[in-house]
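Presented below is the structure to which this report refers.
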Amino acid sequence: QGKKLNSGENGVVNRKKLNREMITALQQDVEKLRKKLRLEENIHRAMERAFNRPLGALPRLPPLLPPMTLQLLAEVAVLEEEIVRLEEHIVHFRQELYQEAALTSSKTNIRMPFA
């Protein structure tokens, strides 16, 4: 009977040890996931700052972003600036075209006052 009691105690001890190991493993997994979440949140904030910056301001990008992402964001910033510059040219050309049309129209009206 002593052996049965001893093996029963071993089973309880083994289960407790297994439970502790499982709990430790789960705690480690939770900690890894928390670290990963913090990293993802930092990346998310960095991306928001990069895309919500005022035009003309260079994006402040933290080095924790992957190199390809940093490169793409820098290219996006350059393209945004180029788009703004081209839009300004369009506005300028439209103003010139409007002024030219107004001037041409007024010259036509001066030449033919009784038309």
T104 being surrounded by 10 or more Cβ atoms within 10 Å (Cβ to Cβ) and at pLDDT 80 or above: yes
Check whether at least one residue in region 1-13 is modelled with pLDDT of 75 or more and basic (K, R), and report yes or no. no
So if I check each of A57, A50, which one is modelled with pLDDT under 85, closer than 30 Å to E82 by Cβ and surrounded by 10 or more Cβ atoms within 10 Å (Cβ to Cβ)? A50
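The values are calculated or read from the model by the stated rules, or taken from the named source; none is laboratory data. Because the structure is predicted, anything quoted here is derived from the model rather than measured. When we count neighbours, we look across all protein chains shown, and the Cβ atoms used for this are built from the backbone with ideal geometry, even at glycine.
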